[in-house]
1. Once you charge only the Cβ atoms, +1 for Lys and Arg and -1 for Asp and Glu, what is the size of the charge dipole of the range 260-329 about its Cα centre, to the nearest 20 debye?
2. For a protection proxy built on the mean count of beta-carbon atoms within 10 angstrom, sort 418-427, 52-61, 239-248, 444-453 highest first, please.
3. Using bins 10 angstrom wide from zero, how does P(r) for the range 164-232 break down, in % of all Cα pairs?
4. For the chain, state what percent of all Cα-Cα pairs lands in each successive 10 Å bin, counting from 0 Å until the bin that includes the largest distance.
5. Given +1 on the Cβ of Lys and Arg, -1 on the Cβ of Asp and Glu, and no further charges, what dipole in debye does the range 59-173 carry about its Cα centre, rounded to the nearest 20?
6. Contour minus end-to-end for residue 451 and residue 256, with contour as 0.36 nm per residue of separation and end-to-end as the Cα-Cα distance?
7. Using θ = phi - 60° and the Karplus curve 6.51 cos²θ - 1.76 cosθ + 1.60, what whole-Hz ³J(HN,Hα) does each residue of the range 421-427 get, with Gly and Pro shown as x?
8. Can you pull out the trypsin sites (Lys or Arg not before Pro) in the range 91-175 whose DSSP state is coil and whose Cβ has at most 10 other Cβ atoms within 10 Å?
Amino acid sequence: MTSQSNTDRVYIFDTTLRDGEQSPGATMTLEEKLQVAEILDTMGVDIIEAGFPIASNGDFEAVATIAKRAKNAVICGLARAIPADIDRAAEAVRFAKRGRIHTFVSTSPIHLAHQMRKTEDEVLEIVTKTVAQARNLVDDVEWSGMDATRTPLEFLARCTEAAIKAGATTINIPDTVGYSTPEDYYQLINDLITMVPNSDKAIFSTHCHNDLGLAVANTLAGVRAGARQVECTINGIGERAGNAALEEIVMALRTRADAMPYHTAIESTHLSRASRVVSAAANFPVQYNKAIVGKNAFAHESGIHQDGMLKNASTYEIMTPESVGIKSTSLVMGKHSGRHAFKEKLKDLGYDLADNQFQEAFQRFKDLADRKKHVYDDDIIALVDDEMGSGADRIKLVDMSVTSKTGGVHRCELKVAVDGAPVDVSFDGTGSVDAIFSAIKAAVEAEPHLVLYAVDGVTGGTDAQANAHVRLEMNGRIASGNATEPDTLVASARAYLNAYNRLLVERGAPAQGALAG
Ligand code: KIV
Ligand code: ZN
């Protein structure tokens, strides 16, 4: 057992709801953000970056509501180095038991020359003014030097010193473009802590992007060099290739405490559920071989591995599935399972559904069990995630019929409900899916561009449910949709509608024709 002192403690700053939500297509509704925030707060995240309050009224409302509800975590709002941004962030976090403003400005020569068009001296003055403004509004201020890893050390050190002098208590050193190597990043954090005269008055923080697949390695190098806050996201979602994955950092520190004697306050048994909730809310599938939370992370396929596992799990497992919240249950579900068994199963899988969500999910489970002999955990997870991800959709599929003929016509007759009102259309296409998507476009009177369409099976077998993913783009915005159904074509139609509904979310726009042009 490692002894745990305060200096070994690493604070987890989760930015799933800010940097994570900036992933193309990962837009979440308010309800989904609240659900994600609740699990982050429960699992022991120290600071939740809940959004960018000036970005939109939706973002402001999300940060303010999360600030009101959070029981444990510090709630943080992001602000550019602009007075109006900082005021807005302060307004949003003022409801929190403990609120933080995170303000950032670019520091690298590339950003100064091409984006900011400012000199180093001008940037230094901005740092002092904006941090002081934030510090007049809240006690807890974080400052970030954007593109810090491509900034000359001497200038970054002067900015850091100025930020601390103006009242910043956390200094974040972002590897904004994911350019660093672990050696570079270790050296940078170590140099800053050593050479900035007032560095002992702030906590240093990592914020590493994953463009070269090094985000977690760089983060851990930063911790070894003295950083005591790490910025990360569930499933590693975030701008471009994403951010350092929270679950990987937490489990690396836990599993290799011998090499990295630091600890976090995260209750790791929540990790698997947090991953599923974020994946469903952001409509972002988790790759099968993703460390810690991927479907295959604890699966053993080869004969030699299976043989070893049967003899002793430690032969091929460095951590247990239970330690990240994967439970092996023996409760088999089928058409004779009742409400009580279904509720127990959901509890086992880590779901806590509201009454109406439970009723809907139970009904869908019964329908599925009528058609499918074995209902596996993965079927139930897919079904519940689908229910949670599409419950708020304004446009819903009511009925659909597709006829197809080899070398002939493919026709879709479709009925959707738009804010409750029925709309009927029929459309011919070059194939069944083309006919369905064209019919939907006709029904909603809009022409979103299809960026991605993919279908996979939830489990094996011809009676497996189909999981369809659709990504749409319209007027520069991207949204993803998912749906799980026993029928591939119905899943495809519902995934398309789910993505379109998400395109509507931010605009508060009328459901039909809203996104045309
Ligand atoms: O990657 C980055 O530089 C950021 C800042 C806003 C901290 O996300
Ligand atoms: Zn970032």
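The values are calculated or read from the model by the stated rules, or taken from the named source; none is laboratory data. Since this is a predicted model, take the numbers as computed values, not measurements. So basically every Cβ, Gly included, is an ideal-geometry build from the backbone, and we count neighbours across all protein chains shown. The protein model used for the area step is the full one, side chains on, heavy atoms only, and it has no ligands, DNA or RNA in it. Shrake-Rupley method; radii C 1.70, N 1.55, O 1.52, S 1.80 Å.
1. That gives the range 260-329 a dipole magnitude of about 220 debye.
2. Details: 418-427: 13.1, 52-61: 18.8, 239-248: 23.7, 444-453: 16.7.
Packing order, densest peptide first, comes out as 239-248, 52-61, 444-453, 418-427.
3. With a bin width of 10 Å, the distribution comes to 24, 54, 20, 2.
4. Computed distribution, short to long bins: 4, 18, 27, 24, 16, 9, 2, 0.
5. Result for the range 59-173 is approximately 480 debye, rounded to the nearest 20.
6. Working: separation 195, 0.36 × 195 = 70.20 nm, distance 4.05 nm.
Gain in length upon complete extension: 66.2 nm.
7. 8, x, 10, 10, 9, 9, 8
8. 117
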